[in-house]
Structure formats: structure tokens, C-alpha cells
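Notes to accompany the following structure.
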Amino acid sequence: MLEFFRSSAVRVALAFVLVTTAATMAVFGLVYFQIREANEARNRLILEAEAAKSVNRPVDELKSAFEVRLTHDLRRIDFAALFDSNRKFVFGNIEELPTMAVDGKAHYIGGVRARDSGNLEPAIFVARVRPDGNIMLLGRSLLESYAYRRIVQQALAAGLVPMLLLALAIGAYFARRTSRRLNTIHDAIAKIMKGDTQLRLPVGYRHDTIDKISRDVNLMLDEIVRLLVQLKGVGDNIAHDLRSPLAVVHAQLERGLESSSDEQLRVVAKQALAHIDKAMLTVAALLRLADVEYGPKSSTFRSIDLSAICSDLFEFYEPLAESKSIKMTLETQSPVQIQGDGDLMREAVSNLIGNAIKFTPDHGSVRISVVREDGLPVVRVCDSGIGVEPAERDKIFQRFYRTSSGHRVPGSGLGLSIAAAIANLHEFDLRFNDNNPGAVFEMVGRKR
């Protein structure tokens, strides 16, 4: 229970109750003051209007009107009197003229005493000078208004209590529900931390902030699991790819040690160095792949021209292609501008061109094209080489994967993985198509 009251949801609920209470009290206070001011203003206007209407009436008629007024005043809240020019009492129910301005305006008097009452009462008075010089006084006691105000205060106070209870109930309900959801999420996180990586945070139907955070965390967990699986696969592949050359190096060094000939020992050492170089190339390729995936971000990109990059690479690889009697062609639409890293994009296209030349037999062909199709940039490398078997086409972008037909060709099995990672970093898709014969690798920009 103590843990429940310490939760942020409860604190938010209590804040809600406090804000609701403060707002309710402010509204009730405003209502009270509006009623009070309206009632007092109404009394003032009535008295001023009656005084203005009666000031010119004859004395006898005024006396009769006062007697009727006071006779019908069963609540004894009215005051009416006439004083001479010397402020001496003539008739009415108040014998002394209050100290106030005789200006026809309503004035508040804190305590007056009627003729038939011994109690002081707060009242509002209007005094006007008649044409004969006498002073007419009209007034109304505020005792009834004050009693009315107390009734309003009690009603507002009575309404405040259930309002507070309702706010507390609503706050407690939402706090309980939110705490229950957060506890469920906490329990799921605890199980995930203990190793249940397939478990995901619960996502409800409300589509609120908690659900949004849960969905984002689930996506993050999916990515973490994917990276863990990928890391495990990389570890297995590294162990497999390094075990063979290391075993060969170990066996060759043992034979070299058993040999008495220096020449044979040098031959063994050269062979061992060749296998170590192969292992180092594999490690270097892995480090490069990690650098591509987790190194530069799109915030460092600038405008680059894919046509210029492919033209440079065409000139670089053309001598290598000529050495194998491979016909290379280049088709460009200049310029094809994108936002990206020129060095990384050059490396990706270089891997594709290098693979095309490597897996194309002598007297074959390699074609490079840079175009815009449907407004999207496309880099396409086509060759007439050995191609990829249909059963292996979904695997060629996996790390260390070597096709059955290209297994004997030197390489680390990471070139296409690096190219795919660079393409993804630039929001491109690296795709494979059959060239019949040969292969077509194309990098196509994604729609935004």
C-alpha cells in the first residue's frame, strides 16, 4: 500500500484533486461574490429610483405612503422618514438622520436603529432634499441580504464536499488503473532482464502515451534480438572462418618445426602468413561492416553525384576488366544528385563492380548504369557471369555467405553485406535480379 502511494500515478491523481478543488473553490467564490454584488446593486437601484420618484410628493401624501410602506413591511427591513431642514425628526420609523451625504445616492451605513427596535442593523440609505427644504430618507436593512449570503455560503460549502469526494474517487480510480498498467510493464521488463528476450511489453487499445512508449520499446527489443541473433551468427561464422586457416597454420608450423631444411621452413612460413592474411582480411571486413552500420549518420551527409562516382569507378576498374577481356560499358544521366557520404557510396558501388568482374568469365560483359526511374535514383550493375542459384538468392546478403558456384573464388563473404548496409544507411534498397545469364544488382532509392 505504501508503494502505491509513492507511485507517480498517485501523485498525479493528488495533483488533479488539488487543482480540481482549487478550481471549484474559485468558481464557487466567483458565484458567491457575483450574487452578493448583484443583490446589493439591485437594492441600491431600487432605493434611488423610489427616492427620485417620491421626493416631490406632498407631505401628507408622502406620510400616507410611508405608513402603507411600513405597515406592509412584515419583515421589518424598510426604513422611511422625513426630517426638516434642521435635520429634526418629523415622521417615520427612524428618529435620527444618519451621517451621510444628502445627494440622492445610496450609501452603506454600518449600524442604525429603528424606532421599534433596539438592535443596530447594517443598511443602505438614500437621502434627498425636497423642494420645501425637508430631507426625505429611504433605506433597507441588509440583515436579510446577509442571511441570504450565509445560505449561499452553506450551499456552496455543502456542494464542495461531494465535489472533493468525487475528485478523490476519480483520481484514485485512474491512479489505480495507471499503476496496474505500469506494474504489468515493470513485471514484463523484469522477466526480459532475466533472459526471456521473446517477451514483449503489453500494448493496449487506448493508443495513449504509455501504449506508444510500449510499442517503441517493443520495436527496440526486436532490434536488440535481431542484433543478438546476428551477433551470434557472426561469432559462429568468425569461429568457422578462422578455425580452418588457424588449423592449417598450426599444422604447417608443426611440420616446419619437424623439418631440418631452412628452405622448407621458409615455404611453410609463407603459407602460414597467407592464411593469417586471409584471417586478418576477414576481421578487417567485419570491422568495416560494423563501422558502416554504427558509424556515420545521415546528419553528416552532403550532396553527392552518383554519376560522377560511377564514372570514377568505371575508369578505375576498366584496366582490370580488360585484363580478363571483359567488355565494360557505362550509362549515366548526369548529374544524379543525392544526399549521402561519397566515400561510403563509392565503396558500395565498388563492391558491386568488383564482384561483377570477379564472377564474370573471360570475354564476358559488365554494364554499369546510373539513372532516375520514377523520380528515384538507381545504380545498376549487370554482368554475364555465373549468376546465383534461385535457392540461394535470399541468402546472398547474409554475412559470410558464399554461393556454391562462387565458393572457390577468393573473398570474405562480406562484400554484399557491406554494400547492403551502406545502401540502407542512404535509404536505398539493394536488390538482386537474374540477368540470364549472370546477375543484376541494383541500388534503388526509397520513396519518401
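The values are calculated or read from the model by the stated rules, or taken from the named source; none is laboratory data. What you see is a predicted model, and the numbers here were worked out from it, not measured in a lab. In this analysis, Cβ positions are derived from the backbone assuming ideal geometry, glycine residues included, and neighbour counts consider all displayed protein chains. Heavy atoms of the whole protein, side chains included, go into the accessibility calculation; ligands, DNA and RNA do not. Shrake-Rupley method; radii C 1.70, N 1.55, O 1.52, S 1.80 Å.
Could you check how much of the accessible area of region 97-172 is carbon and sulfur, as a whole percent, using a 1.4 Å probe? Here carbon and sulfur together make up 61 percent of the probe-accessible area. Taking amide hydrogens as placed 1.01 Å from N in the peptide plane, the amide H of E96 sits under 5 Å from that of no residue at least 5 positions away in sequence or on another chain. Positive-end ranking of A157, H107, S85 along the dipole of region 84-198, with charges on Cβ about the Cα centre, is headed by A157.
Taking all protein chains as they are arranged and a probe of 1.4 Å, the heavy atoms of E254 leave approximately 90 Å² accessible to solvent.
The HN-Hα couplings worked out from phi for region 45-60 by the Karplus form 6.51 cos²θ - 1.76 cosθ + 1.60 (θ = phi - 60°) are 5, 5, 5, 5, 5, 5, 5, 5, 6, 9, 5, 9, 6, x, 4, 4 Hz, whole numbers, x standing for Gly and Pro. Across the protein chains, with a 1.4 Å probe defining accessible surface, the residues Y146, Y173, Y32 rank Y173, Y146, Y32 from largest area downward.
F174 sits with roughly 90 Å² accessible to a 1.4 Å probe, with DNA, RNA and ligands left out of the calculation. To the nearest 10, the accessible area of D394 is 140 Å² with a 1.4 Å probe.
Applying Stokes-Einstein at 20 °C and 1.002 mPa s to the Kirkwood radius of region 298-445, computed over alpha-carbon pairs, gives a translational diffusion coefficient of 139 µm² s⁻¹. The relative contact order of region 298-445 comes to 24 percent, based on Cα pairs under 8 Å that sit 6 or more residues apart.
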